[in-house]
Amino acid sequence: GKYFSAVYFWGVPLLRSSAFHNSELERERERERESIPIQLNCRFHRSRATMIRFILLQNRQGKTRLAKYYVPLEDSEKHKVEYEVHRLIVNRDPKFTNFVEFRTHKVIYRRYAGLFFSMCVDITDNELAYLECIHLFVEIL
C-alpha cells in the first residue's frame, strides 16, 4: 500500500496509499480538481450534439415503419430522404459492407428479417459502434 500514491478516474480518487495524511490528501484533491481539463469536456459534448441525424425502419418494399429525426426537416424533405435511403440500401449486394455514403454523411444499415434498420451519422463516426447500437436496438425490441 505504500508504493503507490493515488489512482484517479476523471479527477475522483479511487485508491490511495496509507502513507498520506488527511491534510496532504485534501491538498492533493484540490490540485487534481483544478487540473481537470474543462475544455476537453466541452469539446466532447459539442461533438456529440449531432452525431445521429435520423433512424429509419423500413420494410423491403420501402414503407417506413418508424422514423426518428434528430435534425429539423420539413415533411417533403423527410419523404425524399426516406425514399433515397431505401433506394440506396435495398439494391446493394449482401456481400458489401453495411456502410454507404449519403450526401455529406453516411448511412449504417442492417437487415433483420424483412426490415432494414438504418442510421444516418456524421462521416467521421465509428461504423462498428453504430452496428452494435442497431443490434442492441433489435435485441431490446
When segment 127-139 is checked residue by residue, the ones that are open to solvent by 30 Å² or more (accessible area, probe 1.4 Å) and either of a type in the set (Phe, Trp, Tyr) or modelled with pLDDT under 90 (or both) are Phe137
Reported set for segment 81-96 where residues are surrounded by 10 or more Cβ atoms within 10 Å (Cβ to Cβ) and of a type outside the set (Phe, Trp, Tyr) is Val81, Glu82, Glu84, Val85, His86, Arg87, Leu88, Ile89, Val90, Arg92
Within segment 108-126, restricting to residues that are closer than 24 Å to Gln61 by Cβ and within 18 Å of the chain's Cα centre (by Cα), the one that is most open to solvent (accessible area, probe 1.4 Å) is Arg110
Of the residues in segment 97-107 that are loosely packed, with under 11 Cβ neighbours inside 10 Å and of a type in the set (Val, Ile, Thr), the one that is nearest to Ile134 (Cα to Cα) is Thr97
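The values are calculated or read from the model by the stated rules, or taken from the named source; none is laboratory data. Only a predicted model underlies this, so the values are computations on that prediction, with no experimental measurement involved. Glycine gets a Cβ as well: all are built from the backbone with ideal geometry, and neighbour counts include every protein chain shown. These accessible areas exclude ligands, DNA and RNA; they are computed on the full protein's heavy atoms, side chains included. Shrake-Rupley method; radii C 1.70, N 1.55, O 1.52, S 1.80 Å.
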